[in-house]
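S.K.: This is the structure I have questions about; it appears just below.
The values are calculated or read from the model by the stated rules, or taken from the named source; none is laboratory data. Please read all numbers here as calculations on a predicted model, not as lab measurements. Because the Cβ atoms are built from the backbone with ideal geometry, glycine has one as well, and the counts that use them run over all protein chains shown. What goes into the accessible areas is simple: the full protein's heavy atoms, side chains included, and nothing from ligands, DNA or RNA. Shrake-Rupley method; radii C 1.70, N 1.55, O 1.52, S 1.80 Å.
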Amino acid sequence: MYYTEDTPEGTRVSILAQNPKRLEEAREAVHLTTSEEINVFNIDVRDTKAMSQAVEETGPIDVLVCNQGVLLPLELEKQELKEIKFMVDVNMMGTFHLIKAALPAMKWRTEETGLPASIALMSSQAGQVSMVKQHTLQANFLFEALVRRCSTRRARERRPELTNIIAGSSKGMEADDVAKASKNGIKSGRFIIPCNFEGTIIAIATCGLSPQSSFITTFIEVAIANFL
């Protein structure tokens, strides 16, 4: 989960990640910036038992951000099956593991308190998907642009030329900017949350049957989608 300077006071933040060094760096950075302490859990999202224990130790969850992800870019016919399985296990199954561990308590909490809760799924701008919003437990899809410093040199060297073209078509964003756009989108209850102008255009062009939070957004999508 992202943590920024304008995160509301009193918010308890927990971060789950596999790299203990990066976790400690995140903990220290948050403490230096805000004087707040956060919980960190060194676990693998593929480990369902560790995931359930971490969620239980965290306590009540109001906003769950599924932000884990790995990408080993290569043409399908050249890629090893073990790499494909690794990406599916982390990106897709890891998300199911996290949501399944947290969902029962989140649903119970919304029913008891009447307060809304959010599950936000982070994806690339190309991952335009649709779900149905139910009750006070909302779903958010965050479509981020390429985050600077997150793409390793090895990944850039091995990825197909088409991937380079797509990545180069959108200006990279700072992690803090992605975090701010994500937080504001979740707070406003938006279903689709693009993080920059290109993402907004793609969201309008591929909105499909995704639910909208306002008549204005619906009108814009209907009015200009045919031109995109």
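S.K.: Could you give each residue of the range 68-79 its phi-based ³J(HN,Hα) in whole Hz, using Karplus coefficients 6.51, -1.76, 1.60 with θ = phi - 60°, and x for Gly or Pro?
M.R.: 6, x, 10, 9, 10, x, 6, 4, 4, 5, 9, 8
S.K.: Could you provide, to the nearest whole Å², the per residue accessible area of the range 4-85 with probe 1.4 Å?
M.R.: Accessible area per residue, the range 4-85: 68 Å².
S.K.: Peptides 92-99, 106-113: what's the order by average Cβ count within 10 Å, highest mean first?
M.R.: Ranked by mean Cβ neighbours within 10 Å, highest first: 92-99, 106-113.
S.K.: Sort Arg22, Arg27, Arg190 by accessible area with a 1.4 Å probe, largest first.
M.R.: So, going from the largest accessible area down, we get Arg22, Arg190, Arg27.
S.K.: Express in % the proportion of alpha carbon pairs of the range 8-85 at distances exceeding 18 Å.
M.R.: Summing the P(r) tail past 18 Å for the range 8-85 gives 53 percent.
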